[in-house]
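Derivation of every value follows stated rules applied to the coordinates shown; laboratory data play no part. Please read these numbers as outputs of a predicted model, since none were measured by experiment. Quick reminder, even Gly has a Cβ in these numbers, built from the backbone with ideal geometry, and neighbours come from all protein chains shown.
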Amino acid sequence: MNKLIVSPSPHVHSGDSVQKNMYGVLLALVPALAASVWFFGLGALIVTLTSVLACVLFEHLIQKYLLKKQSTIMDGSAAVTGLLLAFNLPTNIPLGLIIIGAAIAIGMGKMSFGGLGQNPFNPALVGRVFLLISFPVQMTSWPVPIAARGAYIDAVTGPTPLSVVKEGLSAGRPFSELTAEIPSYLNLFMGQMGGSAGEVAGVALLLGLLYMLIKKIVTWHIPVAVVGSIAVFTGVLHLSDPQAYAGPLFHLLTGGVLLGAFFMATDYASSPMSKRGMLLYGAGIGIITVLIRIYGSYPEGVSFAILIMNAFTPLIDKYIKPKRFGEKPAVQKA
Amino acid sequence: MLKTFSLGGVHPAENKRSANSPIEVLPVPPVVSIPLAQHIGAPAQALVKKGDEVKVGQVIAQSAGFVSANIHSPVSGKVAKVDQVVDASGYRKAAIIINTEGDEWVEDIDRSAILVKEITASPEAIVKKIGEAGIVGLGGATFPAHVKLSPPPGKTCDVLIINGVECEPYLTSDHRLMLEKGEELLVGIRLLMTALNVKEAIIGIENNKPDAIAHMEKLASEYEGIRVQPLKVQYPQGGEKQLIDACMGRQVPSGKLPIEVGAVVHNVGTAYAVYEAVQKNKPLIERIVTVTGLSLARPANFLTRIGTPISALIEAAGGLPDDTGKIIGGGPMMGKALTSTEIPVTKGTSGVLLMPQPLASRKPVDPCIRCAKCVSVCPMGLSPYLLMPLAERAIWDRAEEENVMDCIECGSCSFTCPSSRPLLDYIRLGKAKVGQIMRSRTAKA
């Protein structure tokens, strides 16, 4: 007989693992990747491959040569960061910038805080915002979907629906007139618009979210809170003056809202632990996004909103605790 | 929608391999070893010494306080010695060892199978009898049953909840008991209702046992005030607080007992033992033990005399599989890993589970990724991810503020953790330390 193992209970495990969750997220991003390749072709492939490879490589090099630890790139988390970074970049961005972004995302965003699970900010967004601030021109030139398929750096570019509407509204033109210049809501949902590689196809992102919910990789709280708060906030503004403010559907289907709400805001390490905390955090992201979009100087604000709420996560966790058993007052006996 | 408890919970693979194995009577073993501490509370005091002749059902150790329990001889024969033996805790504890000779019972025990339905005893007499018979919570908690039937002054009970949940994977002893001893069980429930002076009893059964639900519903229809509550399969529904919440929607406040919300919970096994004690004058000398495991040849449910070494049960179930890596007394979620096959069955042994080698070891620990799954599954609404580092770093005051004492040690957090972190190990440490600190504080005050 073998030696008996004596250890405290529980003696069984769910079989869940870091890898299962990370590869699950990667799988959930496949529809969006496919949509990206469909709309942006060559550029989408080059940007995605470069970003994923660079992130994985940087993590490996830092762990092996700087920290002298065992490399854990096989856990899939660096690949997730790489894919999400790529999804947040235009598909005509030069290779050098992607590599810089990957170095910042992994090096500064993740490893400098202690690696997996320790990052206070979403690493991919740290990389993206670094690039946006440092290389604003390259980061805001958007290839035109389908037309840009065969080209990479020299792809045909055009404005995103968000910038068309923002500029139009601030020039005093009514929203009803501007809707003629942007794709239909159906086309927006399907992803036929200018934008970052992975953010355009709402339908693909929604599929990915459903997969993650079924696999219990994430819960509904953060995505619903982000989407719900944006819908309510922009809905109220739109109702108050339908010509001065775009409607909720426009805000939800354009820019990075769905990618942000489903995949960026739900980053484990940088989001709160309690359900109530998640709802507050998600609502904060939604409100800040709308404030930036409508009153800020950028047409898009999801990345900043997520990073700002990431900073509040420790505070939220400190003050907003999970609902306790017995919190509900006991029913009075008859 | 089937009822269940409101917060958290997990659903481990059920693996109830022995669910269709009828209860078999295990032969009386040649030697039994009966630990004096097989219940919560003070260990019983031995009344016999080496060389004494004993009969089945004779008191051999006496309750040593209010929270304690009598122990009766499960066999007839001669006391070999009163010595220290390793029990399920892994430590050496005092035990009475008896060499079996024949099977001679104390005369006034009714060993017939005749069902005695009529209840003649008064509430006080029932409680007294239960105390004398050494009955403890047979679900595994082993809390002396008579104590739960004596509500503290000012508190009243209005509902008796009978725990037929058996939410632990693998275990089937309660399931088989409900199927095979349903009539007796209901009389036991009536006795408990009489003792507590309550008009309502709810039998909670998870719906992975549809046969038991149907059978008990049919039998219960003849009794006023007893009903079956089918429940959604969700671990740890057999926890007292979770079961009360699931059946009645009442939540026992932190640090309080079920009586606070007017409930008392007893396991089906306990109710059956109550029937035997009061109606048949038979003390607690045997229990049903599930012997199971993925590699075991013949998973079974044995009616086993207390003190039988588990090796006898394993032999009767087809022998110890070669790939055994761990032997668990109880279920896989809350059971104790045993140190040898010679550990005796005690009143709290609901099962013996043999885990094959690859499943017996824990997986390597990864860093916490803050996935919040431990928070989602905690049935008490705690933050295991936070309690573990607080205990690791000995920050006891913060652990207390984070309600570490509310933990019921169900293990859902460790079970779920994708990083296989030993959350419950550290939370247990936290509970022990914080408990000590709290006790010394009240002692000072």
Given the peptides A:274-284, B:22-32, arrange them by the average over their residues of other C-beta atoms within 10 Å, most packed first. A:274-284, B:22-32
What is the mean number of Cβ atoms from other protein chains located within 10 Å of the Cβ atom of each residue in peptide B:409-422, rounded to a whole number? 5
Could you work out how much longer the chain between A:TYR23 and A:LEU66 gets when fully extended? Use 0.36 nm per residue separation minus the Cα distance between them, nm to one decimal. 12.9 nm
May I have the convex hull volume per residue, in Å³, for the Cα set of the range B:123-280? 102
Within a 10 angstrom radius of each residue's Cβ in B:355-363, how many Cβ atoms of other chains show up on average? Whole number is fine. 3
Just for the Cα atoms in the range B:255-333, what are the lengths along the principal axes, largest first, rounded to whole Å? 49, 35, 18
Can you give me the three principal axis dimensions of the range B:290-414 from its C-alpha atoms, in Å, biggest first? 49, 29, 23
For chain B, return all DSSP H helices satisfying: extent of Cα atoms along own axis at least 30 Å; mean Kyte-Doolittle hydropathy at least -0.5. B:423-444
Skipping prolines and chain starts, which residues have an amide H placed within reach, meaning under 5 Å, of the one on B:ILE161, given they are 5 or more residues away or on another chain? B:ILE202, B:VAL264, B:VAL265, B:HIS266
Please name whichever of B:GLN84, B:ILE97, A:GLY202 sits farthest to the positive end of the charge dipole of the protein assembly as shown, dipole taken about the Cα centre and charges placed at Cβ: Lys and Arg +1, Asp and Glu -1. B:GLN84
Lone cysteines, chain B (no partner Cβ under 4.7 Å): B:CYS157, B:CYS167, B:CYS247, B:CYS368, B:CYS371, B:CYS378, B:CYS407, B:CYS410, B:CYS417
Shielding of B:331-342 by partners, i.e. mean partner chain Cβ atoms within 10 Å per residue? 3
Based on the Cβ-Cβ distance of B:HIS11 and B:SER112, what FRET efficiency does E = 1/(1 + (r/R0)^6) give at R0 = 51 Å, to the nearest 0.05? 0.75
For the range B:373-444, the dipole about the Cα centre with charges only on Cβ (Lys and Arg +1, Asp and Glu -1), to the nearest 20 debye, works out at 180
From the cross-link list A:LYS20/B:LYS232; B:LYS81/B:LYS128; B:LYS148/B:LYS282; A:LYS323/B:LYS241; A:LYS20/B:LYS373; B:LYS117/B:LYS218, the entries with a Cα-Cα span beyond 22 Å are A:LYS20/B:LYS232; B:LYS81/B:LYS128
Which entries of B:LYS16/B:LYS336; A:LYS68/A:LYS318; B:LYS155/B:LYS433; B:LYS55/B:LYS336 have Cα-Cα distances beyond 22 Å here? A:LYS68/A:LYS318; B:LYS155/B:LYS433; B:LYS55/B:LYS336
When all alpha-carbon pairs of chain A are counted, what percent fall beyond 38 Å? 18
Given labels modelled 7 Å from the Cα in the Cβ direction, how far is it in nm from B:ARG92 to B:THR156? 5.3
For the range B:373-444, the charge dipole (Cβ of Lys, Arg +1; Cβ of Asp, Glu -1; about the Cα centre) points to a positive end, and the Cα of B:CYS374, B:PRO389, B:GLY430 closest to that extreme belongs to B:GLY430
Given points 7 Å out from each Cα along the Cα-Cβ axis, report the A:SER184 to B:GLN45 separation in nanometres with one decimal. 9.1
